[in-house]
Amino acid sequence: MTALADRPGRAMPPAVPERDEALTGALVPVAVQRWRGGGLAPEVDWAAEEVAVSLEYNGIGHAVMMATPDALEDLGLGFSLSEGIAAGAHEVLDLEVHAHPAGLRIAMQITAQRFMALKLRRRSLAGRTGCGLCGVDSLEQSVRPLAPLAGGRTAPALDMGRLAAAMTGLEQAQPLRALSGATHAAAWLGPDGALHAVREDVGRHNALDKTIGALLRAGVDAGQGAALLTSRASVEMVQKAVAAGIPVLVARSAPTALAVRRAQALGLTLVGFARRDGCLVYAHAWRLQPRQDSGGRS
């Protein structure tokens, strides 16, 4: 049993929990035939595992998604926060992962008030890899009623030199992708300039939820850093970041037009095409500061 509500917060730098499952559980050896030099030769390759994962609240199934069976406690907790089911870790009273003949179950207990609110939403989600809005039962629910990020112009600035280094580091911090080539990653760039809570999954939404969940479990103030993605930035990724209180979202690929509009409206700094030599800033560039050299000059 994992009693989340009793876990105290931790001071910076964050002590983010290790992944719950061994990485071998997320990878499967497969026999392949490699074409090379005009002929086929047998080899063994690694494939990223993909299983059906059910998220249940107080015994009631809420969502089913295809996910990588790694860091599932982080996934359950992060999904709960980023989807507005819980306002924080204190409202998730218990979380357990169970095996099922058809996949895995993340069984969570939430407060009575939150469970009642969940039932009133009358949502029935059936997710699949790469989809963040599957099962929403009305068009109005596609854009969530979120409050703009607080903090104003007093929020900590993000050094562009640290951001460039972090994006390079993220490319090197993905063991599942290195072996399988099939996973996305998300991470949190802290005020110390280091990467924390690097999480991988076949679904980009799942990877971000896992990172958010890891920060919650560690008691970290997500508002003091930036979320980094190896994928594109859809509107759902923007909304998840805002729901978690993360003020900066950085994607290696492009944002959608709706994601840009929502970021502008919600006060989120949105960065796309982040590379070692530059990026594009789509919303609220005021949180970014020029690269600082060793002498402190911009």
- Task: State whether the residues of the range 81-100 include one that is assigned to a strand (DSSP E or B), among the charged types (D, E, K, R) and open to solvent by 60 Å² or more (accessible area, probe 1.4 Å).
- Result: no
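Can you tell me which residues in the range 15-59 are in contact with a Ser or Thr (Cβ under 7 Å, 6 or more places away or on another chain) and either open to solvent by 40 Å² or more (accessible area, probe 1.4 Å) or at pLDDT below 85 (or both)? Quick ask: steps written out before the conclusion?
Applying the first criterion (in contact with a Ser or Thr (Cβ under 7 Å, 6 or more places away or on another chain)) to the range 15-59 yields 26-27, 46-50.
Across the range 15-59, the qualifying residues are TRP46, GLU49, GLU50.
What number of residues in the range 29-79 are outside any strand (DSSP E or B) and of a type in the set (A, V, I, L, M, F, W, C)? Please lay out each step first, then the result.
Of all residues in the range 29-79, those outside any strand (DSSP E or B) come to 37-38, 49-50, 58-59, 68-79.
Keeping just the survivors that are of a type in the set (A, V, I, L, M, F, W, C) gives 71-72, 75, 77, 79.
Matching residues across the range 29-79 total 5.
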If we take the range 177-274, then strands (runs of 3 or more DSSP E) inside it with 3 or more residues that are small (Gly, Ala, Ser) and at positive phi are none
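Would you please name the residue that is nearest to GLN224 (Cα to Cα), looking only at residues in the range 142-156 that are open to solvent by less than 60 Å² (accessible area, probe 1.4 Å) and modelled with pLDDT of 60 or more?
Initially, the range 142-156 is screened for residues open to solvent by less than 60 Å² (accessible area, probe 1.4 Å), giving 142-144, 146, 149, 151-152, 155.
Filter once more, so that each one left must be modelled with pLDDT of 60 or more: 142-144, 146, 149, 151-152.
Values: SER142: 28, VAL143: 25, ARG144: 23, LEU146: 19, LEU149: 12, GLY151: 11, GLY152: 13 Å.
Ranking the qualifying residues of the range 142-156, first place goes to GLY151.
Being of a type outside the set (Ser, Thr, Tyr) and either under 20 Å from GLY84 (Cα atoms) or open to solvent by 30 Å² or more (accessible area, probe 1.4 Å) (or both) is true for just one of ALA197, ALA187, ALA182. Which residue is that?
Working: ALA197 fails: either under 20 Å from GLY84 (Cα atoms) or open to solvent by 30 Å² or more (accessible area, probe 1.4 Å) (or both); ALA187 fails: either under 20 Å from GLY84 (Cα atoms) or open to solvent by 30 Å² or more (accessible area, probe 1.4 Å) (or both).
Sole residue among the options that is of a type outside the set (Ser, Thr, Tyr) and either under 20 Å from GLY84 (Cα atoms) or open to solvent by 30 Å² or more (accessible area, probe 1.4 Å) (or both): ALA182.
Name every residue in the range 268-280 that is crowded, with 19+ Cβ neighbours inside 10 Å and not polar (S, T, N, Q), in order of residue number.
In the first step, residues of the range 268-280 are kept if they are crowded, with 19+ Cβ neighbours inside 10 Å; the result is 268-272, 274, 279.
Correct list: LEU268, LEU270, VAL271, GLY272, ALA274, CYS279.
Out of all the residues in the range 209-221, which are open to solvent by 10 Å² or more (accessible area, probe 1.4 Å) and either in contact with a helix residue (DSSP H, G or I) (Cβ under 7 Å, 6 or more places away or on another chain) or within 19 Å of MET65 (Cβ to Cβ) (or both)?
Filtering the range 209-221 down to residues open to solvent by 10 Å² or more (accessible area, probe 1.4 Å) leaves 216-217, 219-221.
Within the range 209-221, LEU216, ARG217 meet the criteria.
The values are calculated or read from the model by the stated rules, or taken from the named source; none is laboratory data. Computed from a predicted structure; not experimentally measured. When we count neighbours, we look across all protein chains shown, and the Cβ atoms used for this are built from the backbone with ideal geometry, even at glycine. Heavy atoms of the whole protein, side chains included, go into the accessibility calculation; ligands, DNA and RNA do not. Shrake-Rupley method; radii C 1.70, N 1.55, O 1.52, S 1.80 Å.
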